[in-house]
Amino acid sequence: MGRSIFDKIWDAHVVCQRMDGRDLLFIDRHITHELHAPHAFKKLKAAGRKVRRPDITFSALDHTPASTPGRDDNTNPQSKPFLDAVRAASRENGVRVFDLDDADYGISHVVGPEIGMVLPGATHAVPDSHACTVGGLGALAFGCGTTELEHVLATQVMALVRPKRMRVHLEGKIGALASAKDVALKILSQIGVSGGRGHIIEFAGPVARALSIEGRLTLCNLTIEMGSRSGLVAPDDKTFDWLYGRPWAPKGAMWDRALAHWRTLPSDEDAIFEREVTVDCHGLQPQITWGTDPAQVIEVNGHAPNPADLPAEQRGAIERALDYMGLQAGQPLVGLPVHRIFIGSCTNARLPDLQEAAEIVRGQHVAQGVVALVSAGSARVKREAEAIGVDKVFRDAGFIWGESACSMCAGANGDRGEAGERILSTTNRNFENRQGRGVRTHLVGPALAAAAAIAGKIVDVPKMKAGE
Amino acid sequence: MKAFTRIMGTAIPFLEDDVNTDQIAPMGAGARMSEDYAQTLFQHRRHSADGAEIPDFVFNQPQFRTGAMLISGRNFGCGSSRESAVWTFLAIGVTCIITRSFADMYRENCLQNGILPITLPDAQADQLEAAVVAANGAAPFAVDLVSQEIKGPHGLRIAFDISPADRARLLEGLDDIGLTLKHKAEIEAFEKKMAQHIPWSQRADASSL
Ligand code: SF4
């Protein structure tokens, strides 16, 4: 019987079955972060244990540092104790920290792929639910809780029940103004926030193949929003070209050996999936969330739903979301004034995302009263953007060109909006209060976020581009 | 980890679907190193913008400020992996969460902390919800992991399923890391084997291989 890419990676990493029937899955690369690691390191120490494999364990400092240009440890005073705790515990255990001044600093899910640390066919763990991002390279990643994090530190394995397999076929050719984020939002609108529960999703079909690697990373980033703990895209020549020459990727004869192995990873023709879904992406237009969960998605020129059109049992949740978002039933979103724009996060802050937004912004200015912040996904992305003048495009237009950090994605660093503000954000969660108490978040791709910053309101990008 | 055998006490009805961990344990105005988890629980939903408590929000009602178990809807605990969304419930005494379904990572975080996660099919969930709402905190409910039964007022008895492995783990309050470390030799052998077959998998910076 044929095997899927998931089966191949899983089977290759099962150390043994634990006495309770769970598989012990070896974790090839583990990146912790300062928000959750201090607690786990403390418990580890209290139990008299050490990090088993400091050589494949790393600490990111992404959630709490300020994004203020020129920031240091103290710019966000609440960050300092987290940073110091992780630095101390990492030093004690011989774990490398991607510190604020490190050339490889950044959000863990951005840094892992870009330095060539996470590779196709590898297993990966991060105590952040968006670990699934690296599935874009054909790696199998698991977000984990704090206790699981401690478990990985102590043992280098995760004790898991084998998930089921799901395949999402992405058919058609997306519209010129749509990007990977719109594909992910479209899938969410179709399968919902629990559509992938208990499954690992493989994204397949012409749309998945046509996406750039950065696009695949964006797509896989949102797998967790679909209720699935992980998702991946099988690696192909595009993946290998993207990885070739990255600082930590294998070189020379070892590259050839790795390449031969990676080519065996894609799912066999006759692989079995417990669930198969097809999403028609033909002519896909920019998407936007109107509500408070990431599956409440419409085309940008669409209308918020009207509860009266819905079955009675669905009305309550929709009404509550409309109310929170300050929307009337059936109202169009285009034209709504926006207060803040955030372009950043592990979802949409790699170089092509910033370039996509910069193209819209070039030569224009952020609308009066709008605060627009760009925070690159990593120090490398920031450097590369600066080298080609992308930072200048944003700064000239009145954007804040911030330091790399998670920033407004979860607001753990204090970057938050004010109650009642409407924010267009390239992040992954539009939950109530996530970006600040009473803040109304709309999830969008970089182009739409940029266009709204200039217009000061939600705009129909396709129409705008057509010069109407 | 504390073992779970049986509990008895107030059942808190929170009958919503897709309750995410950002709601259960919001980050507040930013991250803090030490937190009062009981205080954090549904902080934003409990208070209006001016800081006043919303009296009819379920966790503000006097009978539901603490409790033994929580009853909720579908896809409970979706979103962020933050384990604080489990600790907040422990902080008010809840050690059993009964839903129509759980988000995968949340269920795992429950097991890691000695919280019994029970999933009920719709018919049984309807029955339990009705009883819990009717009791309104005035009559106790019991959950017995040994007999795999939920008991309530007026002779209510609902059987539940749980995998034998998860059941054993909770009943014995096993140290998960200790359990895995019994396989230390196998982990070492695996590392050696991989270093041979897929050398780049065992070296974070594989460029120097
Ligand atoms: S950017 Fe957001 S989702 Fe990504 S790692 Fe940071 S907090 Fe998590």
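Derivation of every value follows stated rules applied to the coordinates shown; laboratory data play no part. None of the values given here were measured: they were computed from a predicted structure. Neighbour counts are summed over all protein chains in view; Cβ atoms, including those assigned to glycine, are modelled from backbone coordinates with ideal geometry.
Which order, highest average first, do A:254-265, A:399-410 follow once you tally other Cβ atoms within 10 Å for each residue and take the mean per peptide?
Going from most to least packed, we get A:399-410, A:254-265.
If I stretch the segment between A:Glu171 and A:Arg315 completely, what's the gain in nm (0.36 nm per residue apart, minus their alpha carbon distance), one decimal?
Fully extending the segment from A:Glu171 to A:Arg315 adds 48.7 nm.
Please report how far the C-alpha centroid of the range B:47-90 lies from that of the range A:337-380, rounded to the nearest whole angstrom.
35
Could you let me know the centre-to-centre spacing of the range A:262-291 and the range B:94-143, using Cα atoms, in angstrom?
Answer, in whole Å: 34.
Can you give the mean number of other chain Cβ atoms that lie within 10 Å of the Cβ atoms in peptide A:254-267?
2
State the percent of C-alpha pairs, over all pairs in the range A:364-439, separated by a distance greater than 22 angstrom.
28
Taking 41 Å as R0, compute the FRET efficiency from the Cβ-Cβ separation of A:Asp241 and B:Asp122 and round it to 0.05.
It comes to 0.25.
How big is the Cα convex hull of the protein assembly as shown in projection, averaged over all directions, in nm²?
If you wrap the Cα atoms of the protein assembly as shown in a convex hull and average its projections, you get 28.1 nm².
Using modelled amide H (1.01 Å from N, peptide plane; none on Pro or chain starts), what sits under 5 Å from the amide H of A:Ala372, excluding residues fewer than 5 places away?
Close amide H contacts, sequence-distant or interchain: A:Ile341, A:Ile400.
Could you derive backbone 3J(HN,Hα) for the range A:288-304 from the dihedral phi with the Karplus parameters 6.51, -1.76 and 1.60 (θ = phi - 60°), listing whole Hz in sequence and x where the residue is Gly or Pro?
So the J values, rounded to whole Hz, are 8, 7, 9, x, 10, 9, x, 9, 7, 10, 9, 5, 4, 8, x, 10, 4.
Near the amide H of A:Glu276, under 5 Å away, which other amide H atoms are found, from residues 5 or more places off or on another chain, if H is placed in the peptide plane?
Those lying under 5 Å, H to H, from A:Glu276 are A:Arg167.
Summarise the partner chain shielding of A:166-179 as one whole number: the mean count of Cβ atoms from other chains within 10 Å of each residue's Cβ. Could the numbers behind the result be given before it?
Numbers: counts 0, 0, 0, 0, 0, 0, 0, 0, 0, 0, 0, 0, 0, 0.
What the average comes to for A:166-179 is 0.
Can you give the helix-only mean residue ellipticity at 222 nm for chain A, where every DSSP H stretch with n ≥ 4 adds -39500 (n - 2.57) and the sum goes over all residues, rounded to the nearest 500 deg cm²/dmol?
After summing the helix terms and dividing by the residues of chain A, the value is -9500 deg cm²/dmol.
Can you give the Rg and Dmax of the range A:139-293 based on its C-alpha atoms, in angstrom?
16.9, 51
Nearest 20 debye, what's the magnitude of the dipole of the range B:6-174 about its Cα centre given +1 on Lys and Arg Cβ and -1 on Asp and Glu Cβ? Don't jump to the answer; show the numbers that get you there.
On the way: 13 positive and 20 negative charges, 68 e Å.
Dipole magnitude for the range B:6-174 comes out near 320 debye.
Of all the Cα-Cα pairs you can form in the range A:298-465, what percent are over 30 Å apart?
16
Convert each backbone phi in the range A:427-438 into a coupling constant with the Karplus relation 6.51 cos²θ - 1.76 cosθ + 1.60 (shift: θ = phi - 60°), then list the ³J(HN,Hα) values in order as whole Hz, x for Gly and Pro.
Going residue by residue, I get 7, 10, 9, 10, 4, 3, 6, 5, 9, x, 4, x Hz, with x marking Gly and Pro.
Just to confirm a number: summing +1 for Lys and Arg and -1 for Asp and Glu over residues other than A:Pro250 whose beta-carbon lies under 15 angstrom from that of A:Pro250, what do you get?
Values: positive: A:Arg29, A:Arg246, A:Lys251, A:Arg257, A:Arg263, B:Arg203; negative: A:Asp28, A:Asp241, A:Asp256, B:Asp205.
Result for the neighbourhood of A:Pro250: +2.
How are the alpha carbon pair distances in the range A:94-140 distributed across 5 Å bins from zero to the largest one, expressed in percent?
Each 5 Å bin holds this share of Cα pairs: 5, 21, 31, 23, 15, 4, 0.
How big is Rg to Rh over the range A:1-110, alpha-carbon atoms, Rh as the Kirkwood inverse-mean-distance radius?
A ratio of 1.08.
Using a basic spin-label model with each label point 7 Å from the Cα along Cα→Cβ, how many nm lie between B:Leu209 and A:Lys45?
3.4
Give me the Å³ per residue figure for the convex hull around the C-alpha atoms of the range B:12-66.
Numbers: hull volume 5.0 nm³, N = 55.
Convex hull volume per residue, Cα atoms: 92 Å³.
Amide H of A:Gly445 versus every other amide H placed in the peptide plane: which residues, excluding those fewer than 5 positions away on the same chain, fall under 5 Å?
For A:Gly445, the qualifying residues are A:Gln287.
State the Cα centre-to-centre distance between the range B:171-207 and the range A:407-468 in whole Å.
Between the Cα centres of the range B:171-207 and the range A:407-468 lies a distance of 43 Å.
Give me the net charge for the shell around A:Gly369: Cβ to Cβ below 15 angstrom, other residues only, Lys and Arg +1, Asp and Glu -1. Please list the in-between numbers first.
Numbers: positive: A:Arg340, A:Arg422, A:Lys457; negative: A:Glu418, A:Glu421.
Taking every other residue near A:Gly369 into account, the sum is +1.
So which of A:Lys8/A:Lys186; A:Lys8/B:Lys2; A:Lys238/B:Lys193; A:Lys164/A:Lys238 end up more than 32 Å apart by C-alpha?
From A:Lys8/A:Lys186; A:Lys8/B:Lys2; A:Lys238/B:Lys193; A:Lys164/A:Lys238, over 32 Å: A:Lys8/B:Lys2.
Angle between the Cα long axis of helix B:184-197 and the longest principal axis of chain B, 0 to 90 degrees, nearest 10?
50
About its Cα centre, what dipole magnitude does the range A:226-311 give when the only charges are +1 on Lys and Arg Cβ and -1 on Asp and Glu Cβ, stated in debye to the nearest 20?
The dipole magnitude comes to about 580 debye.
Counting other beta carbons within 10 Å of each Cβ, put B:Asp104, A:Asp62 in order, fewest first.
Placing the least packed residue first, the sequence is B:Asp104, A:Asp62.
Assuming a ≥ b ≥ c are the square roots of the Cα gyration tensor eigenvalues, decide whether the range B:6-174 counts as rounded (a/c under 1.5), prolate (otherwise, with a/b larger than b/c) or oblate. Don't skip to the answer; put the middle values down first.
Numbers: a/c = 1.84, a/b = 1.29, b/c = 1.42.
Oblate is the answer for the range B:6-174, as a/c is 1.5 or above yet b/c matches or exceeds a/b.
Taking neighbour counts of Cβ atoms within 10 Å as a proxy for exposure, in what order, fewest first, do A:Cys281, A:Cys16, A:Cys132, A:Cys346 appear?
So the residues, fewest neighbours to most, are A:Cys16, A:Cys281, A:Cys346, A:Cys132.
Quick one: putting +1 on the C-beta of Lys and Arg, -1 on the C-beta of Asp and Glu, what dipole do you get for chain A around its Cα centre, in Debye to the nearest 20? Don't skip to the end; give the middle numbers.
Values: 53 positive and 55 negative charges, 162 e Å.
Dipole about the Cα centre, nearest 20: 780 debye.
Can you give the FRET efficiency to the nearest 0.05 for B:Leu171 and A:Glu386, using r as the Cβ-Cβ distance and R₀ = 60 Å?
The formula returns an efficiency of 0.55 here.
DSSP beta bridges in the range A:298-465, what fraction antiparallel, as a percent rounded to 5?
Values: 2 of 16 bridges.
Just about 10 percent of them are antiparallel.
For each of B:Tyr106, B:Tyr37, count neighbouring Cβ atoms within 10 Å of the residue's Cβ, then give the residues from fewest to most. Don't jump to the answer; show the numbers that get you there.
Details: B:Tyr106 28, B:Tyr37 17.
Lowest to highest Cβ neighbour count: B:Tyr37, B:Tyr106.
Can you tell me, using C-alpha contacts under 8 Å and at least 6 residues apart, the relative contact order of chain A as a whole percent? Working shown, then result.
On the way: 1134 pairs, mean separation 81.8, N = 468.
Relative contact order for chain A comes out at 17 percent.
Peptide B:188-196: average number of partner chain Cβ atoms within 10 Å per residue? The partial results should precede the final answer.
On the way: counts 2, 2, 8, 6, 0, 1, 5, 0, 0.
Mean number of neighbouring Cβ atoms from other chains: 3.
Using only the alpha carbons, work out the radius of gyration and Dmax of the range A:66-193 in angstrom.
Final numbers for Rg and Dmax: 18.1, 52 Å.
Could you give each residue of the range A:114-120 its phi-based ³J(HN,Hα) in whole Hz, using Karplus coefficients 6.51, -1.76, 1.60 with θ = phi - 60°, and x for Gly or Pro?
For the range A:114-120, the Karplus-derived couplings read 5, 8, x, 7, 8, 10, x Hz, x marking Gly and Pro.
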